[in-house]
1. Closer than 23 Å to residue 56 by Cα and touching a Leu at 6+ places or on another chain (Cβ under 7 Å), is that true of residue 167?
2. All but one of (1) in contact with an Asp or Glu (Cβ under 7 Å, 6 or more places away or on another chain); (2) within 13 Å of the ligand (Cβ to nearest atom); (3) of a type outside the set (Ser, Thr, Tyr) hold for residue 13; which doesn't?
3. Can you tell which of 79, 57, 71 is in contact with a Phe, Trp or Tyr (Cβ under 9 Å, 6 or more places away or on another chain) and of a type outside the set (Ser, Thr, Tyr)?
4. Identify the single condition in (1) of a type in the set (Gly, Ala, Ser); (2) loosely packed, with under 15 Cβ neighbours inside 10 Å; (3) near the ligand (Cβ under 9 Å from one of its atoms) that residue 74 does not satisfy, given that it satisfies every other one.
5. Could you list all residues from segment 39-57 that are within 9 Å of the ligand (Cβ to nearest atom), part of a loop (DSSP other than H, G, I, E, B) and either free of Cβ contacts under 8 Å to residues at least 60 places away in the same chain or not charged (D, E, K, R) (or both)?
6. Take the conditions in contact (Cβ under 8 Å) with a residue 12 or more places away in the chain, of a type in the set (Ser, Thr, Tyr), surrounded by 20 or more Cβ atoms within 10 Å (Cβ to Cβ) and touching a Gly at 6+ places or on another chain (Cβ under 9 Å) and apply them to residue 179. Does it pass?
Amino acid sequence: MNQDKNQILELRDVAVYQRENLVLSEVNLSIDEGEFVYLIGKTGSGKSSFMKTLYGDLPLTQGSGSIVGYDLKGLKEKDIPFLRRKLGVVFQDFKLLPDRNVNENLIFVLKATGWKDKEKMNKKIEEVLDKVGMKTKGFKFPHQLSGGEQQRVAIARALLNDPELILADEPTGNLDPQTSVEVMKVLQDINKNGRTILMATHDYALLLKYPSKTLKCDGSKVFEVVQKNV
Ligand SMILES: Nc1ncnc2c1ncn2[C@@H]1O[C@H](COP(=O)(O)OP(=O)(O)OP(=O)(O)O)[C@@H](O)[C@H]1O
C-alpha cells in the first residue's frame with residue numbers, strides 16, 4: 001500500500017447528471033499528486049460533464065468526492081472561487097479576453113483572485129509566461145497570436161495561483177497536430193515539475209506519443225484502461 005502519496009482527487013460511487021439525465025454512474029477513482037492522467041471517450045460520453053463536476057460547475061449530488069482538499073458534496077457557492085484557485089482550468093477554446101493583451105489578461109485574473117502588489121504580480125506574470133515560452137509576447141493581443149500561442153497563454157493563466165491540479169478539457173482540440181504536440185510538451189514539462197494534470201482528450205496520437213495513466217468514459221462508466229485497449 002502506498003501511503004506516501006498525497007491524494008489530489010478521490011471519487012466514491014459518484015453519479016454525474018446533466019439536469020435529470022444520468023451521464024455517469026458508479027464512478028470510483030483517485031488521482032495522486034504528480035500523476036498525468038488522460039480522460040478519453042467518445043463525443044457525448046461525459047468527459048466535459050465529469051470535468052465540470054470537478055471544478056464545481058455541476059454539483060455533486062450523489063456519492064462522495066474530494067478534490068485538492070475540498071469536499072465536493074458539501075461545496076457551497078461561496079467556496080467555488082476558492083476551489084478554482086487551487087485548480088488550473090484549461091479549455092479547448094482558450095477563453096482569453098479579446099479586448100486586452102496577454103499581460104492584461106493575466107493581471108485581470110490575479111486581481112480577481114486577490115493579488116494587490118504590482119511588483120509581485122509582474123514577477124508572477126513573467127514567471128508563468130516564461131514557463132510556457134511566451135515571455136516576449138506579453139504585449140500581444142489574443143488575435144495577434146496563433147492558436148497554439150493562445151493556448152500556451154491560457155496554460156500560463158492556469159498556473160498563476162500555483163494550482164495543485166490542472167484540469168485541461170480538450171486543450172489541443174482546436175490545434176493542428178504539430179501545434180498540439182508543442183502544447184503537450186508544455187503540459188508534460190509542467191507535470192515533470194511536480195504538477196498533477198488531468199487532461200480530457202480525443203487525440204489518440206498524443207496518447208501514443210506520451211503514454212500515461214488513462215481513464216475512459218464509456219457506457220456511463222469511468223474506468224482505467226491499459227493502452228493497448230484504448
Ligand atoms: N447543459 C446540458 N444540459 C443537458 N444535457 C447536457 C448538457 N451538456 C451536456 N449534456 C449531455 O450530457 C451528455 C454528456 O455530454 P458531455 O459534454 O459531458 O460529453 P463529452 O464526452 O464531453 O463530449 P464532447 O467530447 O463532445 O465534448 C451528452 O448526452 C450531452 O448531450
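1. In short, yes.
2. (2)
3. 79
4. Condition (3) is where residue 74 drops out.
5. 41, 43, 44, 45, 46
6. No; evaluated as a whole, the condition is false for this residue.
Rundown of residues vs (1) in contact with a Phe, Trp or Tyr (Cβ under 9 Å, 6 or more places away or on another chain); (2) polar (S, T, N, Q); (3) under 22 Å from residue 31 (Cβ atoms), yes/no style:
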site	(1), (2), (3)
141	no, no, no
144	no, yes, no
154	yes, no, yes
210	yes, no, yes
218	no, no, yes
221	no, no, yes
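Yes/no per residue for (1) more than 16 Å from the ligand (Cβ to nearest atom); (2) of a type in the set (A, V, I, L, M); (3) crowded, with 16+ Cβ neighbours inside 10 Å:
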position: 28; (1), (2), (3): yes, no, no
position: 31; (1), (2), (3): yes, yes, yes
position: 79; (1), (2), (3): yes, no, no
position: 89; (1), (2), (3): no, yes, yes
position: 92; (1), (2), (3): no, no, yes
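Computed from the coordinates by the stated procedures, all read-outs in this text should not be read as laboratory data. Since the model is a prediction, treat every value here as computed from it, not as a measurement. Quick reminder, even Gly has a Cβ in these numbers, built from the backbone with ideal geometry, and neighbours come from all protein chains shown.
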